[in-house]
Each structure stands twice: as structure tokens, then as C-alpha cells.
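Have a look at the structure below before the remarks.
The values are calculated or read from the model by the stated rules, or taken from the named source; none is laboratory data. Treat the numbers as computed from the prediction; the structure is a model and nothing was measured. No Cβ is skipped: glycine too gets one built from the backbone with ideal geometry, and neighbour counts run over all protein chains shown.
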Amino acid sequence: MTDDRSLPFWRTKTLEEMSKDEWESLCDGCGKCCLHKLRDEDTDEVHHTNVACRLLDLETCRCSEYATRFRKVPDCVSLSPALLREIDWLPPSCAYRLVREGKDLPFWHPLRSGSDESVHEAGISGRGRIVSERDAAMLEDHLVDWPGAPMTARQRQSRRK
Ligand code: SF4
Ligand code: SF4
């Protein structure tokens, strides 16, 4: 990609070029990809819900058993550069999607803010508005728009000097 060493890795490397640690650090911990989705069989449209996978920690919005998650949730999706070219349901705020689209990370991303809390403080994550699948009944009763909504201008704005 670019060979400017003054820039952070997500501005100079492609997703394919990133190390495992760099790749993992890109996840902002919003938890939105761990929410159940429904796909309309006729239109192929994705409908989002606020129902979280049972392994999602509703407070941190991170997987509570990330290293061993496939043992309990075999259909958990492991993101990869190749998969990113195929899926259409990642939220517009997702760092993998932003980097793939050639965009910078927003100010609230932990890699820029230095704090895991900033994704929650900026209103990006699911904290405070998601329920566990253990407590939800019908997914159809939990349809919401916000996981797939574009970021607001304020959420997008850069605070980098
Ligand atoms: S949507 Fe993207 S940034 Fe958010 S938790 Fe999932 S992978 Fe991480
Ligand atoms: S197993 Fe973990 S990473 Fe996978 S969907 Fe559930 S909470 Fe998310």
C-alpha cells in the first residue's frame, strides 16, 4: 500500500498485509457483528436485531470466550480479507470495512483514542441496547435499525490535530 512510516499501520498496509496482532487490534469492540440478523428470502435484504450471541459480554461488547468460541458457537464467523469481499452485513462503522474502503479509523476507535471505552462513549457499540439470545424470544420482535445505520457526521468527524 503506502510507504509512509509516519502513518499508522492501518493507513499503510492492506488488510492482507497486516500481522495477526494488527488484524486483531482493528476490531473496535462494538459487538455489532455478534448480533443476530434476519435475511429476507425474497429481497435478500438484511434486517438487524438487538439480540446478541450468547457468548457476547453485554457490558464490554466483546466475546467472553474468543479463543475457544467455535467450540460453543460453531457458526461464529471468522473474518478474513477474503470473507470481507463477500459479506454484506458488517456495520458501516466496522474498522475492517472502513480500512477495506480506504478510509481512516474514526477518533473513537481504541487504536486512536487509546481507550476501549471510547467506542461506547461515542454511542457506536451495543452497550445498553442489546439483549442476550438467552433472554430474547422471537428475533422478529427485536428488529432495530441502528447496527446497520451509517455513522452520524459527529461520529465520523476526525479529532486528530
Ligand atoms: S463489527 Fe467490526 S469492529 Fe465491531 S466488533 Fe465486529 S469485527 Fe469488531
Ligand atoms: S462466539 Fe463470540 S465472536 Fe462469535 S458471534 Fe458469539 S460473541 Fe461474537
Selected residue [modelled with pLDDT of 95 or more and in contact with a Pro (Cβ under 7 Å, 6 or more places away or on another chain)] from Val119, Val46, Val77, Val99: Val119
Leu143 vs. criteria at pLDDT 95 or above, surrounded by fewer than 16 Cβ atoms within 10 Å (Cβ to Cβ) and touching a His at 6+ places or on another chain (Cβ under 6 Å): yes
Of all residues being among the polar types (S, T, N, Q) and surrounded by fewer than 15 Cβ atoms within 10 Å (Cβ to Cβ) in region 17-62, which is nearest to ligand 2 (Cβ to nearest atom)? Just the residue, please. Ser19
Which residues, taken from region 47-70, are among the β-branched types (Val, Ile, Thr), out of contact with any strand residue (DSSP E or B) (no Cβ under 6 Å at 6 or more places or on another chain) and within 15 Å of ligand 1 (Cβ to nearest atom)? Thr60
Is one or more of the residues making up region 1-15 within 15 Å of ligand 1 (Cβ to nearest atom), in a loop (DSSP other than H, G, I, E, B), out of contact with any strand residue (DSSP E or B) (no Cβ under 7 Å at 6 or more places or on another chain) and hydrophobic (A, V, I, L, M, F, W, C)? no
The listed residue being more than 11 Å from Cys33 (Cα to Cα) and within 16 Å of ligand 2 (Cβ to nearest atom), out of Lys72, Lys103: Lys72
Please enumerate the residues belonging to region 116-149 that are among the β-branched types (Val, Ile, Thr) and either under 15 Å from Glu59 (Cβ atoms) or within 13 Å of ligand 1 (Cβ to nearest atom) (or both). Val119, Ile124, Ile130, Val131
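Every residue, every condition in (1) on the phi > 0 side of the Ramachandran plot; (2) under 15 Å from the mean Cα position of the chain (by Cα), yes or no:
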residue: Trp10; (1), (2): no, no
residue: Leu38; (1), (2): no, no
residue: Asp44; (1), (2): yes, no
residue: Asp57; (1), (2): no, yes
What residue, of Ser132, Ser93, is touching a Lys or Arg at 6+ places or on another chain (Cβ under 8 Å) and under 14 Å from Leu35 (Cα atoms)? Ser132
Any pair with Cβ under 8 angstrom, 6 or more apart, that starts in region 18-31 at a residue that is more than 24 Å from Gly128 (Cα to Cα) and part of a helix (DSSP H, G or I) and ends at one that is more than 10 Å from ligand 1 (Cβ to nearest atom) and not acidic (Asp, Glu): Glu22/Phe9; Glu22/Trp10; Glu22/Lys13; Trp23/Leu15
Over region 63-119, the set of residues closer than 26 Å to Thr12 by Cα and basic (Lys, Arg) is Arg85, Arg97, Arg100, Lys103, Arg112
